[in-house]
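Take a look at the structure set out below.
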Amino acid sequence: MFHKPESEGQQVFAIATPGEVNHLALSADGKWLAYATPDEESGKSVLVIQKVGTSKLAVLKGTEGASYPFWSPDNKNLGFFADGKLKKIGVYGGGAETLALTPNARGGSWGSKGVILYTPQIGSGIWRINPDGTHDEQVTEKYFLPEESSHRWPVFLPDGEHFLFWGGSFANADDDPISWIYEATLDGKERRKLVQAHSNPGYANGQLLYLDKRGSLVATKLDIGAARVGEEKRVIADVVGFQASTYWGAFTAAENGTVVYNSSAGSTLSALTWFDRAGKELGRVGEVGVLANPSLSPDDQFVAVDRTDLKARNVDVWIHDLKRGTASRFTFDPAEDVSAAWSRDGQTIAYRSAAGSVTVDVKKFQGTEKEKVVLEQKAKIGRLEFIPNSWSADIFVP
């Protein structure tokens, strides 16, 4: 969906796309839209660029596995993430170039002074790098708080010195005092709070954009020099897709005031599916949803899987009973709980929780016993988060 601000005579119309659309990015002048879409043959996401207001589009070869694209100021290049790396590619031809390692990237932005900001992994602060791969260094580590889980979704402001980003925790509480959209500068000396939010920021023609608690896309005036937002908030769109596991809303904005958003989930829908060894589909389990990290119990009777509740904007571990054909919620914390790993006897499940600090919790599969924290890692710049993926035979949790 396309939107222009009321001051220029508002226009709203749908943009026809050839298939599923994820990870939107508008050029600074609002003329070109880039997005990731699954390749018809491989199924891997590739980058497509499309001129706004037309059906003219082009698939960029060499972008397999791409996510979170962002434009160069001159619209000649795209930055993106693929294969655990930050890359760039020319939109008029040429192969992709690797700039840095990014194990689990969370957004990037290319400023008017030729600097790229990016978040290399889920528990990281924001880094800077030149488009030729030089001068790679941290920017926000000076004010990374112990209570914070991440700094992510950087967005350069027009001067190329100031930028916006989200910083906070994934406790997912309405009264969360940690999670904010901030304004900061490249020198890394300070950051200033703008609004409490669980959303990526955007900037368009003097306006700060983000998703509010209801999931609506709102805009409010931003005074960049004073790092102050206006009291009035205007709703741009009532429903915008949202990825609860990453705090990413499916919208993008351009400096000229153009806004493009996707009203769908912003996440790929899938279903638990059985296949034989030859790749033939044998059947499906449960309902279609935003699912990830399925884990089969040792006796093959149950499947634990991450399920995103789009209305509650939460991610929890669910258990599917394969024999009875039922499903039940296993974790109940408003924070993100994911990546279940079964004990060898099938009686206990370990999973990752992000309620403030990142922990690995264990909980009995049956009964009402509360979970226990067995491993905790306080937020720290550059860390890799604990994620359980297997359970050895000699580990016992009473």
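The values are calculated or read from the model by the stated rules, or taken from the named source; none is laboratory data. The structure presented is a predicted model; accordingly, all values stated were derived computationally and were not measured. Neighbour counts are summed over all protein chains in view; Cβ atoms, including those assigned to glycine, are modelled from backbone coordinates with ideal geometry.
Couple of notes before you dig in:
- Failed condition for residue 61, given (1) at pLDDT 95 or above; (2) surrounded by fewer than 23 Cβ atoms within 10 Å (Cβ to Cβ); (3) charged (D, E, K, R): (1)
- Among the residues of segment 141-164, the ones that are touching a residue at least 40 places away in the same chain (Cβ under 8 Å) and either within 19 Å of the chain's Cα centre (by Cα) or outside the structural domain of residue 114 (by TED's automatic domain parsing) (or both) come to 10 in all.
Conditions (1) touching a residue at least 40 places away in the same chain (Cβ under 8 Å); (2) in contact with a helix residue (DSSP H, G or I) (Cβ under 7 Å, 6 or more places away or on another chain); (3) within 22 Å of residue 119 (Cα to Cα); (4) surrounded by fewer than 21 Cβ atoms within 10 Å (Cβ to Cβ), marked per residue:
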{"residue": "203", "(1), (2), (3), (4)": "yes, no, yes, no"}
{"residue": "212", "(1), (2), (3), (4)": "no, no, no, yes"}
{"residue": "215", "(1), (2), (3), (4)": "yes, no, no, yes"}
{"residue": "231", "(1), (2), (3), (4)": "no, no, no, yes"}
{"residue": "236", "(1), (2), (3), (4)": "yes, no, no, no"}
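- If only residues of segment 173-207 that are in a loop (DSSP other than H, G, I, E, B) and within 15 Å of residue 161 (Cβ to Cβ) are counted, the one that is modelled with the highest pLDDT is 186.
- Residues of segment 84-127 that are more than 18 Å from residue 246 (Cα to Cα) and among the hydroxyl-bearing types (Ser, Thr, Tyr): 92, 98, 112.
- Here residue 81 fulfils each of the conditions (1) under 18 Å from the mean Cα position of the chain (by Cα); (2) without any contact (Cβ under 8 Å) to a residue 40 or more places away in the chain; (3) farther than 24 Å from residue 50 by Cα apart from (3).
- Selection of segment 328-356 for residues being small (Gly, Ala, Ser) and surrounded by fewer than 18 Cβ atoms within 10 Å (Cβ to Cβ) yields 328, 346.
- The criterion of at least 1 residues that are farther than 19 Å from residue 294 by Cα and not basic (Lys, Arg) is met by the following strands (runs of 3 or more DSSP E) wholly inside segment 330-374: 358-364.
- Pairs with Cβ under 6 Å, 6+ apart, first in segment 370-384 and of a type in the set (Val, Ile, Thr), second at pLDDT 60 or above and surrounded by 15 or more Cβ atoms within 10 Å (Cβ to Cβ): 373/359; 373/361; 374/360; 374/362; 381/125; 381/141; 381/144
- Candidate set: segment 171-197, residues that are touching a His at 6+ places or on another chain (Cβ under 8 Å) and closer than 14 Å to residue 148 by Cβ; chosen: the one surrounded by the fewest Cβ atoms within 10 Å (Cβ to Cβ): 176
- Checklist (1) at positive phi; (2) at pLDDT 90 or above; (3) loosely packed, with under 14 Cβ neighbours inside 10 Å applied to residue 273, failing item: (1)
- Flag if residue 164 is in a strand (DSSP E or B) and more than 17 Å from residue 199 (Cα to Cα): no
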